[in-house]
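Engineer: Below are the structure tokens for one structure; questions will follow.
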Amino acid sequence: MKSGELFRVQGLGGAKTLSGSVAVSGSKNEALPALASAVLFGGPVTFRNIPRITDIRQLNSLLSDLGARVMMDDGGTITVDTSKLASAHVNESTARKFRASVILTGPLLSRMGEVRFAPPGGCLIGKRPIDVFLAGYEAMGATVRTDGEEFVITAPRGGLKGCDVIFRLPSVTATETLMMAAVLAHGIVRLVNVAMEPEIGALADFLNESGADIRGIGTPVLTIRGTDGTLLVSKKEHTAIPDRLEAGSFMILGALCADTLTVTDCDPEHLKVPIASLCACGVPVVVGKKRIVISGNGGIPNRSFAAANIRTHEYPGFPTDLQAPMTVLLSQVSGESIVEEMIFESRLGYAADLVRMGADIDVVHPHKAIVHGPSKLRGRELYSPDLRAGLAYIIAAIVAKGESVIHNIYHIDRGYERVEEKLKSIGVDIERVRG
Ligand code: EPZ
């Protein structure tokens, strides 16, 4: 267990001395549903560019418990063979450790006719209900009951059936999960008011290449013609798309701490709004085909970035997962910025720690903060509250003067691959030490 480890970071005290290039890993949030989709296949499926992070290991462990054969190499390639799937009971203690465990329920229900699972755990960013998932299963004819602390969902005798599922809000993982459930259904399932994140489109493309019939990809309505229970067949390996959230975090770090920083192996198409937000602050961003360069950022004397308001929104809006890192940047620009968190109910809790570091931030409402900049940050002892805020703490610690110690880095390890190695390679003084 990594919980005893911590990061020691020596801050730059505002200097922009980082430089070089940093490569982005495969997307955690695309890799997780893609691996879960192996349940829809009758034989082995191979996935490439899978980040070596805790959440992926947890999902592999859940798949193995269900009877799948999971083979993983050191280079980010995983083969999953579910031909001998034996159980539809998602391991309770593992599932409680990460929210994405719920993604398995859709494929399991449609293949096995029943699924049993505990309410998923995850980051402390507010209530994470699963009512949209349950309403979708019921619309497809399934019955939902609870047994102790577990949910038991049972498909109708002939399998999940065609219907319209109206999402009361566009949940990302509910879109992925119900889309996967619908792939093996009988009839046509229309999912209305779904999320449109690129991870969903990548998953849908992969399923279509393997025999699924999903239309409307990239729009708020997905129409899925079920296979009547016929399992999918893998025709080629699936490569996870680049992690846009890791890329966005490095862009923000570059804006704050580098003269020139190149973020490679990314897809700038998925980052249009974060890039526009950085440009609105005056950050010199140059966009290439698979790279983003923060260029000549420290070379201009007295460069002072301008304030900009951000409001998180479902894709293609500003991602909630980049809200905390962006707030660190806004604490360093001149003027007042308003940050509005529209997706999660408790995603500004980290601001109190930035204030302890010297930032001037008023959280005026659970969904709204006013950031007054620029302020000088000082190194502090910090406890990472969740995955994305944890990375924001690392960025703040790099900006600050003096040393910071960041605890609870197991949150960060859930989603960022070899983060300290990548940061060291561009000049950050960071060490992982046993607490
Ligand atoms: C996905 O979570 C991501 N996780 C999150 O990233 C990301 O922050 C989030 O989407 C928003 O972009 C994965 O892809 C594995 P939602 P998800 O359901 O799907 C409410 C990370 O660090 N809601 O789109 O769980 C919910 O409470 C993580 O990588 C219901 O009310 O998010 C939230 O307010 C953190 N009922 C809103 O919808 C439901 O049944 C959007 O959440 C489902 C969701």
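Engineer: For the chain, which span is the longest to avoid every loop-located (per DSSP) member of GluC sites (Glu not before Pro) having at most 13 other Cβ atoms inside 10 Å?
Structural biologist: Numbers: sites that count: 149, 237, 345.
So the longest stretch without any such site is 1-148.
Engineer: Let me know the shape class of segment 136-234, please: from the alpha-carbon gyration tensor, a ≥ b ≥ c as square roots of the eigenvalues, rounded when a/c is under 1.5, otherwise prolate if a/b is greater than b/c, or oblate. Write out the running numbers ahead of the final one.
Structural biologist: Working: a/c = 1.73, a/b = 1.27, b/c = 1.36.
Oblate, because a/c is 1.5 or more while a/b does not exceed b/c.
Engineer: Counting only protein heavy atoms, what percent of the accessible surface of the chain is carbon or sulfur at a 1.4 Å probe?
Structural biologist: That fraction is 51 percent.
Engineer: What whole-number value in Å² describes the accessible area per residue of the chain for a 1.4 Å probe? Spell out each step's value before the answer.
Structural biologist: Details: 16520 Å² over 435 residues.
I get 38 Å² per residue for this part.
Engineer: Also, I was wondering about something else. Would you be so kind as to identify all helices of the chain, as entire DSSP H runs, whose Cα atoms reach 18 Å or more along the helix's own axis and whose mean Kyte-Doolittle hydropathy is at least 0.5?
Structural biologist: 244-257, 387-399
Engineer: Working out 0.36 nm times the residue gap between residue 217 and residue 73, then minus their Cα-Cα distance, what length gain in nm do you get to one decimal?
Structural biologist: In short, 48.7 nm is gained.
Engineer: So, one more: If the limit is 28 Å between Cα atoms, which of 97/401; 28/161; 28/235; 28/424; 28/422 go over it?
Structural biologist: Listed pairs above 28 Å: 97/401; 28/161.
Engineer: Let me ask something additional. How high is the relative contact order of the chain? Use alpha-carbon pairs under 8 Å, at least six apart in sequence, and give a whole percent.
Structural biologist: On the way: 1066 pairs, mean separation 93.6, N = 435.
After rounding, I find 22 percent.
Engineer: Tell me which trypsin sites (Lys or Arg not before Pro) from segment 167-245 have a DSSP coil assignment and no more than 15 other beta carbons within 10 Å of their own.
Structural biologist: Answer by residue number: 168, 235, 236.
Engineer: Under the 0.36 nm per residue contour assumption, what length would be gained going from the current alpha-carbon distance of residue 235 and residue 342 to full extension? Provide the component values of the computation, followed by the final result.
Structural biologist: Working: separation 107, 0.36 × 107 = 38.52 nm, distance 3.97 nm.
So the chain would gain 34.6 nm between residue 235 and residue 342.
Engineer: Placing +1 at every Lys and Arg Cβ and -1 at every Asp and Glu Cβ, with all other atoms neutral, what dipole size does segment 28-227 have around its Cα centre, in debye to the nearest 20?
Structural biologist: The calculated dipole for segment 28-227 is roughly 180 debye.
Engineer: Right, something else. Roughly what % of DSSP beta bridges within the chain run antiparallel, to the nearest 5?
Structural biologist: Here the antiparallel bridges make up roughly 70 percent for the chain.
The values are calculated or read from the model by the stated rules, or taken from the named source; none is laboratory data. Computed from a predicted structure; not experimentally measured. All Cβ positions, glycine included, derive from the backbone under ideal geometry; neighbour counts span all protein chains shown. Heavy atoms of the whole protein, side chains included, go into the accessibility calculation; ligands, DNA and RNA do not. Shrake-Rupley method; radii C 1.70, N 1.55, O 1.52, S 1.80 Å.
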